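Asks: After the structure tokens below, expect a handful of questions from me.
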Amino acid sequence: MKRVFLIVLDSFGIGALPDAASFGDPGTNTLRSCAATGKLNIPNMIKAGLGNITGVDCLEKSNAPAGAYGRMAEKSMGKDTTIGHWEIAGLISENPLPTYPDGFPEEVLKPFREQTGRGVLANAPWSGTAVIEKYGQAHMETGDLIVYTSADSVFQIAAHEEIVPPEQLYEYCRIARKILQGKHGVGRVIARPFVGTPGNFKRTANRHDFSLEPPKQTLLDAVKNAGLDSIGVGKIHDIFAGIGLTEYVYNKSNADGMNHTDTFAEKDFNGLCFVNLVDFDMAFGHRRDAQGYANALAEFDAWLGAFLPKLEEEDVVIITADHGCDPGYSATTDHTREYVPVLVLGKKIKAVDLGTRQTFADVAATVADLLDVTFDTPGKSFADTITK
């Protein structure tokens, strides 16, 4: 194959993993919650075989699936963006990244305050919108930074763009990233700029993630080292700390990311286009907005229907996810530990049931085989199974 478009629908889980209860997520199912709205209109993914996947009981099945379909279990010990994407790219994380349910310790905050010259507000797990509502005015009055976390392995810094311009906030994040190594090596340091006035604050599109570097080479490195194009769309550059990419572009929204994917499809590249569409997670999953999530899936599905006819003979599209974020689960607003779908489409792809894959890394092994790239990963390739 010449080109692989690997598209991650960020947080699109399809049912709780057997160990979900140990992660606090028993019975979660992102897809089912979206389907329960009665507004889920995704004919192209249903045609691709989404409803035929083992365990999916909330969608109609296709009598003649358009491609290969299955579900994947996460083998890594986590349910966050970084670990999920690393596993998709071939790395299994046996140990979870550190989390801070009681806030960050002084051994982290003291050097952070000293090196930024600013104080710290909040320092606890918070909803991103609630924390700026609570501390935004104090931040504007003092210049102190709003530092908070979540159930994920993240160190987040919120600041008003008129008090701390985005580029300055990014520099503070780089300072935090250097501090947060070793036992405090969180998956991501995240800049969370906002604007507005007290009672009317709003986060902006200038979010930026500063990720921990992958501990080993990933699929992206293998593709790049083979002399092929390794393109990142959306958060991919940040998730992999820029390593292994030959080109990248950020997204302002899902629609923007789909437009970028269209643009790359029009180019004569040879290799991998790795796409993350984050609105499912950020705008709807964490906010527990099932209707919004269903609408976003419908938007993607309509785009997919127009994108597939553009594919060339040697092109493959793989659609999957990095974890769940069930919008119908009220116990928390965090990610949920779920199976994720894998749908494979293309002119040379057979309609075959891939069953239940034991690790997301099977995608990496498969992409490497499809592109004829050497890559050592624990994943098992299904390339021979799906190609005509």
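The values are calculated or read from the model by the stated rules, or taken from the named source; none is laboratory data. Quick caveat, the model's predicted, so the values are computed rather than measured. Every residue, glycine as well, gets a Cβ built from its backbone with ideal geometry; the counts of neighbours run over all protein chains shown. All accessible areas refer to the heavy atoms of the entire protein, side chains included, with ligands and DNA or RNA removed. Shrake-Rupley method; radii C 1.70, N 1.55, O 1.52, S 1.80 Å.
Asks: Evaluate the stretch 29-39: report whether one residue or more is in contact with a Pro (Cβ under 6 Å, 6 or more places away or on another chain) and closer than 17 Å to Y293 by Cβ.
Replies: yes
Asks: Given the condition open to solvent by less than 30 Å² (accessible area, probe 1.4 Å) and polar (S, T, N, Q), answer yes or no: does some residue in the stretch 68-77 qualify?
Replies: Taking every residue of the stretch 68-77 in turn, at least one turns out to be open to solvent by less than 30 Å² (accessible area, probe 1.4 Å) and polar (S, T, N, Q).
Asks: Working carefully through the options G227, G187, G244, G232, find the one that is small (G, A, S), at pLDDT below 95 and either closer than 29 Å to P96 by Cβ or more than 19 Å from the chain's Cα centre (by Cα) (or both).
Replies: Exactly one residue qualifies, and that residue is G187.
Asks: If we keep just the residues of the stretch 9-67 that are open to solvent by 10 Å² or more (accessible area, probe 1.4 Å) and acidic (D, E), which is farthest from T333 (Cα to Cα)?
Replies: E60
Asks: If I ask for residues that are hydroxyl-bearing (S, T, Y) and farther than 21 Å from I386 by Cα, which ones from the stretch 305-345 would you list?
Replies: Scanning the stretch 305-345 gives Y329, S330, T332, T333, T336.
Asks: Test L91 against the stated conditions and say whether it is part of a loop (DSSP other than H, G, I, E, B), at pLDDT 95 or above, over 18 Å from the mean Cα position of the chain (by Cα) and surrounded by 20 or more Cβ atoms within 10 Å (Cβ to Cβ).
Replies: No.
Asks: Something else: Being polar (S, T, N, Q) and over 24 Å from the mean Cα position of the chain (by Cα) is the filter; apply it to the stretch 94-117 and report the residue that is surrounded by the most Cβ atoms within 10 Å (Cβ to Cβ).
Replies: It comes out as T116.
Asks: Does the stretch 177-186 include one or more residues that are open to solvent by less than 60 Å² (accessible area, probe 1.4 Å) and free of Cβ contacts under 8 Å to residues at least 60 places away in the same chain?
Replies: Yes - at least one qualifying residue is present in the stretch 177-186.
Asks: Mind checking which pairs have a first residue in the stretch 297-310 that is at negative phi and of a type in the set (F, W, Y) and a second that is buried (at least 19 other Cβ atoms within 10 Å of the Cβ) and at pLDDT 95 or above, Cβ under 6 Å, 6 or more apart or different chains?
Replies: Listed pairs, sorted by first residue: W303/M258.
Asks: Could you check how many residues of the stretch 248-295 are surrounded by 18 or more Cβ atoms within 10 Å (Cβ to Cβ), farther than 18 Å from D322 by Cβ and of a type in the set (S, T, Y)?
Replies: 0
Asks: Is it the case that some residue within the stretch 59-68 is farther than 18 Å from A294 by Cβ, out of contact with any helix residue (DSSP H, G or I) (no Cβ under 8 Å at 6 or more places or on another chain) and not in a loop (DSSP other than H, G, I, E, B)?
Replies: Scanning the stretch 59-68 turns up no residue that is farther than 18 Å from A294 by Cβ, out of contact with any helix residue (DSSP H, G or I) (no Cβ under 8 Å at 6 or more places or on another chain) and not in a loop (DSSP other than H, G, I, E, B).
Asks: Of the residues A124, A158, which is at pLDDT 95 or above and either surrounded by fewer than 14 Cβ atoms within 10 Å (Cβ to Cβ) or out of contact with any helix residue (DSSP H, G or I) (no Cβ under 8 Å at 6 or more places or on another chain) (or both)?
Replies: Answer to the selection: A124.
Asks: A follow-up question, please. Quick one: in the stretch 315-336, which of the residues that are surrounded by fewer than 24 Cβ atoms within 10 Å (Cβ to Cβ) and under 14 Å from the mean Cα position of the chain (by Cα) is modelled with the lowest pLDDT?
Replies: Here the residue is D334.
Asks: Return the residues of the stretch 256-274 that are more than 16 Å from the chain's Cα centre (by Cα) and not in a helix (DSSP H, G or I); say none if nothing qualifies.
Replies: E266, K267, D268, F269, N270, G271, L272
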